[in-house]
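Trainee: I have a structure I would like to understand better, so I am pasting it below and will then ask my questions one at a time.
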Amino acid sequence: MNINKMQTTHPYKNKSNNMESLSLAHAKEILTDYLETSDLRKTPERYAVLKAIYSFEGHFKIEELGKMLEENNFRVSRATLYNTMKLFLQLRLVMQHRVQGKTWYEAKTSQSNHCHQICTVCGKVTEIELPEVIAALNRAKLSRFRKDGFALYIYGTCSSCQAKITRRKNMK
């Protein structure tokens with residue numbers, strides 16, 4: 001299976017930069033509040049990683065994040081990157097997705113509740129809009145549990161792979 005590049009369509013991709021900067025501003029506020037109340041240092045590395053994360057339009061691998069920081073002349077050690085991601089996951093500033101043995105991340109925005117369809121043949125991952133499903137899950141009353149968000153994964157066979165399978169069957 002090949003999922004070197006996660007192919008996605010993003011419901012928030014075409015929003016204005018103002019929407020993105022509001023999300024980044026809110027994330028910075030959450031991070032700053034946490035660091036101050038926990039007596040932790042407000043390091044430039046943490047804020048640079050956060051800014052880089054919120055500049056991605058969709059999913060990314062941690063290696064891509066490190067590369068982006070390096071391309072912007074901001075070197076961060078691998079340990080700092082992983083520790084910072086762990087903190088951001090704890091603060092719910094980032095979502096983590098594990099798909100077919102690969103780990104992907106994305107900035108948590110107001111549009112973070114979403115659905116993915118995953119081809120089990122080629123590994124193609126596509127974000128899809130299912131407003132009825134999202135609305136139903138948002139309305140769901142959960143017992144003794146505070147819901148922060150969700151990601152739904154639907155596994156199956158994409159149309160390209162299905163066509164290849166059909167062609168092979170017809171050739172026999």
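The values are calculated or read from the model by the stated rules, or taken from the named source; none is laboratory data. Since this is a predicted model, take the numbers as computed values, not measurements. Backbone-built Cβ (ideal geometry, glycine too); neighbour counts: all protein chains shown.
Trainee: List the number of the failed condition for residue 39; all other conditions in (1) modelled with pLDDT under 95; (2) surrounded by fewer than 11 Cβ atoms within 10 Å (Cβ to Cβ); (3) at positive phi hold.
Mentor: Result: residue 39 passes all but (1).
Trainee: Name the one entry in 70, 57 that is surrounded by fewer than 17 Cβ atoms within 10 Å (Cβ to Cβ), modelled with pLDDT under 90 and under 30 Å from residue 123 (Cβ atoms).
Mentor: Answer to the selection: 57.
Trainee: Which residue pairs have Cβ atoms under 6 Å apart, sit 6 or more places apart or on different chains, and have a first residue in the stretch 31-49 that is within 18 Å of residue 77 (Cβ to Cβ) and among the aliphatic types (A, V, I, L, M) and a second that is modelled with pLDDT of 95 or more and part of a helix (DSSP H, G or I)?
Mentor: What qualifies is 49/84.
Trainee: What pairs come up if the first residue lies in the stretch 71-96 and is over 19 Å from residue 42 (Cβ atoms), the second is in a loop (DSSP other than H, G, I, E, B) and hydroxyl-bearing (Ser, Thr, Tyr), and their beta carbons are under 7 Å apart, counting only those six or more places apart or on different chains?
Mentor: From the stretch 71-96, the pairs are 95/112.
Trainee: OK, next. Can you tell me which residues in the stretch 63-111 are of a type in the set (S, T, N, Q), farther than 29 Å from residue 135 by Cβ and part of a loop (DSSP other than H, G, I, E, B)?
Mentor: Across the stretch 63-111, the qualifying residues are 72, 73, 77.
Trainee: Name the single residue, out of those in the stretch 143-168 being among the hydroxyl-bearing types (Ser, Thr, Tyr) and not in a helix (DSSP H, G or I), that is farthest from residue 116 (Cα to Cα). Please lay out each step first, then the result.
Mentor: Within the stretch 143-168, the subset among the hydroxyl-bearing types (Ser, Thr, Tyr) is 143, 153, 155, 157, 159-160, 166.
Okay, now just the ones that are also not in a helix (DSSP H, G or I), so 143, 153, 155, 157.
Details: 143: 26, 153: 5, 155: 8, 157: 13 Å.
Checking each candidate, the answer is 143.
Trainee: For the stretch 112-135, give me each residue that is surrounded by 15 or more Cβ atoms within 10 Å (Cβ to Cβ), of a type in the set (Ser, Thr, Tyr) and not in a strand (DSSP E or B).
Mentor: 112
Trainee: Being exposed (fewer than 15 other Cβ atoms within 10 Å of the Cβ) and either over 21 Å from residue 149 (Cα atoms) or at pLDDT 90 or above (or both) narrows it down to one of 81, 89, so name that one.
Mentor: Exactly one of 81, 89 is exposed (fewer than 15 other Cβ atoms within 10 Å of the Cβ) and either over 21 Å from residue 149 (Cα atoms) or at pLDDT 90 or above (or both), namely 89.
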